[in-house]
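Bear in mind that the values in this text are calculations on the coordinates, not laboratory data. Since this is a predicted model, take the numbers as computed values, not measurements. Cβ placement follows ideal geometry from the backbone for every residue including glycine, while neighbour counts extend to all protein chains displayed.
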């Protein structure tokens, strides 16, 4: 099922995109790595070339997104052809850990050979490690916060306690 | 009632700022220069919320060209960048009063 190549693109060239997605703040490093592997698989599987992967760390969101006040930001820059972004975003949409994503086209008609890639084996590892923010450090010092090793258990256990039983 | 007064306060603040920089006091009639035309090394990017913060008000609204002095081309770029940054929760969409 080959996709029709857009007539706007000269043959043999690709477009440069950047994608940022935000994960829930309590996503463990394994969970981040899992999602990154998935995205990497889609882009490279469809003939794209990844230029840069970056983890911006846990940041405070300017407003609440999906009931979260913070989020882990992942930044990707890559060369791809039409259709790759659709497929990537379709997959990101299905993942519950991803609360927001955005893709921007930076350039078109790029010769894939001309762009140097900043990627090596260590960059994916680095992208999967989220630096702890001040609040995490504080929590681990105080009442030992439940360590979210299992990415299945990312829900806050307190939130599951029954509420509204005062009377 | 207090809500309305708050709003008026905000507007009054903006206006004073504009006058001061626009040289309403006479004599000070300096033409405002677009910051991005003056320093071509500064790029407008939605990934740089610190820079964009100087082009939105405390309430999160965009600063008009007449106040910031940006040229049309760069104001357009700023507005695109602010909208993208808002999408990624790097900038607030609005900062509401209590």
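Return the average number of partner chain Cβ atoms within 10 angstrom of each residue Cβ along peptide B:85-95.
Counting Cβ atoms of other protein chains within 10 Å of each residue's Cβ and averaging gives 5.
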If each residue's Cβ is checked for other Cβ atoms within 10 Å, how do B:58, A:54 rank with the fewest at the top?
-> B:58, A:54
Average silhouette area of region A:14-133, convex hull of alpha-carbon atoms, in square nanometres | 7.1
Within a 10 angstrom radius of each residue's Cβ in A:62-73, how many Cβ atoms of other chains show up on average? Whole number is fine.
-> 3
Modelled FRET efficiency - R0 35 Å, residue A:121 with residue A:7, Cβ distances, 0.05 increments = 0.40
Volume per residue (Å³) of the convex hull spanned by the alpha carbons of region A:30-85 is 102
Could you please rank A:14, A:109, placing first whichever residue has the fewest other Cβ atoms within 10 Å of its Cβ?
-> A:109, A:14
In which sequence would B:79, B:54 go, from the one with the fewest C-beta neighbours within 10 Å to the one with the most?
-> B:54, B:79
